[in-house]
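Below is one structure, written out as structure tokens; the observations come after it.
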Amino acid sequence: MPSLEDGEMFLPSTPGKFKDKSITMHRQFYRCFASTSTMFLWALFLVALTAAYLSFQSFVDSGSRYFSTAWGGIQWEKQVRASAQIRRHNGVSVLVTGAAGFVGSHVSLALKKRGDGVVGLDNFNSYYDPSLKRDRRNLLSSQNIFVVEGDINDARMLAKLFEIVAFTHLMHLAAQAGVRYAMENPQSYVHSNIAGLVTLLEACKTADPQPAVVWASSSSVYGLNEKAPFSESDRTDRPASLYAATKKAGEEITHTYNHIYGLSITGLRFFTVYGPWGRPDMAYFSFTRNILQGKPITIYKGKNHVDLARDFTYIDDIVKGCIGSLDSAKKSTGSGGKKRAAAQYRIFNLGNTSPVTVPMMVGILEKQLKVKAKKHMLEMPGNGDVPFTHANISSARKEFGYKPTTDLQTGLRKFVRWYLSYYGYDHGKSVK
Ligand SMILES: NC(=O)c1ccc[n+]([C@@H]2O[C@H](COP(=O)([O-])OP(=O)(O)OC[C@H]3O[C@@H](n4cnc5c(N)ncnc54)[C@H](O)[C@@H]3O)[C@@H](O)[C@H]2O)c1
């Protein structure tokens, strides 16, 4: 039998003409094979398409799926809405970032107490003992404040929050704090204080209505400034640490969003905040722990053996400053990402105006704790600390009547009382 050329297999059969049986079988087999391979190719194509789509999605969502999936769902939305409920006439609805942190937890409680809506947000990172953050969160939840567990870099989660609640204000307190840790983990400062800030401002600019933004900068922006007291108009272009540099960058970044998108911005330069539920990485806190445990404390000295001094500011005074800022903030002027008119841009010092040297602070602690400290004096290393801080607060006083009222003695007494009730006298509970 003559062999068939490939092309012949595809010749149409003419009706009524004789067909060779073997050719027909061959044809059917080939058709079947051809359709199977076509199907296979289609399937392959579909699989490739799905894979491409999924990897595109994960690329688009890289600011989302990478983060925790602890948010979302009907129950979660219900909790957010309930927490944001305003319960007073002319009240505000505030998204508080860093709500499980020291300042954030106090501000959230104060807002809720007067009937404002508060939704917290925190990633509960382990920069210091997260169990302290969880305990603060429990305190907040006992007052019906819901703290969302999430990262400020999670754009999808932020968009969802602004979709659910028309926040009137953002109180942005989440940050990587601490001056010395920046030499150990510089990326964490970029992650939270730069990238996170931009993600948050993007969400605010797009939100409708746009919230008024009040956020924590820091007295550290004064860096190597030697003119005292520090005024808002003083130089802030010589930061002494990466932490300070990221806070200074934050002031410039927020200015951009104010200028382009009409976001109302208030930046607050806090001066060494202390008090109950404070931060374990801060000197007054770790000194208390070491003194009680009989361990030595390191006290740094500045150039020519000068004592370092700080404008220690009690937490309740800082809370008053935060709330005064929220209440006096004008509305943002943009919507849908477009600015309609010039918006408010403010920066305030929030300090106590009376610096105290570190050895004096230790003396107060020794008295309160009734234990003598084992002091180890060292020359201050060049790791980002500055010799002194001192706030001029006349701008905040003029704008919203800011007036700190707690001196260091009174404030430390309250701190020590809290410390002993939280950790106990047995010193057994370790604090990171
Ligand atoms: N305490 C001070 O003396 C002081 C002084 C100057 C400025 N500040 C600023 O005030 C703010 C509050 O400080 P604090 O003392 O309460 O610090 P804190 O560390 O106790 O609180 C910050 C909170 O933000 C959270 N957080 C950090 N990165 C986050 C992220 N990417 N996403 C979500 N949550 C995140 C942390 O888990 C923490 O609970 C910070 O911006 C800090 O830089 C504080």
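The values are calculated or read from the model by the stated rules, or taken from the named source; none is laboratory data. Note that the structure is a prediction, hence the values are computed from the model and not measured. Note that we place each Cβ from the backbone using ideal geometry, even for glycine, and neighbour counts take in every protein chain shown.
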- Is it fair to say Thr254 is under 17 Å from His172 (Cα atoms) and either at pLDDT below 95 or of a type in the set (Ser, Thr, Tyr) (or both)? yes
Open item on the list: For region 156-177, check the following and say yes or no: at least one residue is over 25 Å from Lys331 (Cα atoms), at pLDDT 95 or above and out of contact with any Pro (no Cβ under 6 Å at 6 or more places or on another chain).
Closed with: yes
Within the bounds of region 141-163, is there any residue that is aliphatic (A, V, I, L, M) and farther than 23 Å from Val213 by Cβ? no
Going through (1) within 30 Å of Val165 (Cα to Cα); (2) modelled with pLDDT under 95; (3) away from the ligand (no atom under 15 Å from the Cβ) one by one, Gly91 fails only at (2)
Exception for Thr410 within (1) over 20 Å from Val221 (Cβ atoms); (2) hydroxyl-bearing (Ser, Thr, Tyr); (3) surrounded by 13 or more Cβ atoms within 10 Å (Cβ to Cβ) falls at (3)
Considering region 266-296, residues that are charged (D, E, K, R) and more than 15 Å from the ligand (Cβ to nearest atom), and then whichever is farthest from Tyr222 (Cα to Cα), we arrive at Lys295
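Anything in region 157-186 that is outside any loop (DSSP other than H, G, I, E, B) and either on the phi > 0 side of the Ramachandran plot or under 14 Å from the mean Cα position of the chain (by Cα) (or both)? List them, or say none.
Met157, Leu158, Leu170, Met171, His172
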The correct count of residues that are buried (at least 17 other Cβ atoms within 10 Å of the Cβ) and of a type in the set (S, T, N, Q) in region 350-387 is 3
If we keep only residues of region 97-142 that are under 15 Å from the mean Cα position of the chain (by Cα) and more than 10 Å from the ligand (Cβ to nearest atom), then the residue surrounded by the most Cβ atoms within 10 Å (Cβ to Cβ) is Ser108
The one condition Lys367 fails out of (1) assigned to a helix (DSSP H, G or I); (2) basic (Lys, Arg); (3) under 30 Å from Pro239 (Cα atoms) is (3)
(Q) Is it the case, given these coordinates, that Gly278 is in contact (Cβ under 8 Å) with a residue 24 or more places away in the chain, assigned to a strand (DSSP E or B) and crowded, with 16+ Cβ neighbours inside 10 Å? (A) no
Ala159 passes all but one of the listed conditions (1) touching a residue at least 12 places away in the same chain (Cβ under 8 Å); (2) within 11 Å of the ligand (Cβ to nearest atom); the exception is number (2)
Residue pairs qualifying under the 9 Å Cβ cut-off, at least six apart or on distinct chains, with the first in region 131-146 being at pLDDT below 95 and the second being aromatic (Phe, Trp, Tyr), are none
Counting only residues that are away from the ligand (no atom under 12 Å from the Cβ), surrounded by fewer than 24 Cβ atoms within 10 Å (Cβ to Cβ) and farther than 25 Å from Thr168 by Cα, region 203-247 contains a total of 19
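Can you give me the number of residues within region 94-145 that are in a helix (DSSP H, G or I), of a type in the set (Ser, Thr, Tyr) and farther than 17 Å from Cys322 by Cβ? Outline the logic, then answer.
Applying the first criterion (in a helix (DSSP H, G or I)) to region 94-145 yields 102-113, 130-142.
Next cut, of a type in the set (Ser, Thr, Tyr) only: 105, 108, 131, 141-142.
Pick out the ones that are also farther than 17 Å from Cys322 by Cβ and you get 131, 141-142.
Counting residues in region 94-145 that are in a helix (DSSP H, G or I), of a type in the set (Ser, Thr, Tyr) and farther than 17 Å from Cys322 by Cβ gives 3.
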Residue pairs qualifying under the 6 Å Cβ cut-off, at least six apart or on distinct chains, with the first in region 170-191 being surrounded by fewer than 18 Cβ atoms within 10 Å (Cβ to Cβ) and the second being at pLDDT 95 or above and part of a helix (DSSP H, G or I), are Pro186/Leu242
Sole miss for Gly150 among (1) under 21 Å from Met282 (Cα atoms); (2) near the ligand (Cβ under 9 Å from one of its atoms) is condition (1)
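Quick check on my filter: what residues within region 300-338 are assigned to a loop (DSSP other than H, G, I, E, B), of a type outside the set (S, T, N, Q) and under 25 Å from the mean Cα position of the chain (by Cα)?
We begin by selecting, within region 300-338, every residue assigned to a loop (DSSP other than H, G, I, E, B); these are 302, 306, 308, 311-312, 329-334, 336-337.
Filter again for of a type outside the set (S, T, N, Q), leaving 302, 306, 308, 311-312, 329-331, 334, 336-337.
Residues satisfying the conditions are Asp311, Phe312, Ala329, Lys330, Lys331, Gly334, Gly336, Gly337.
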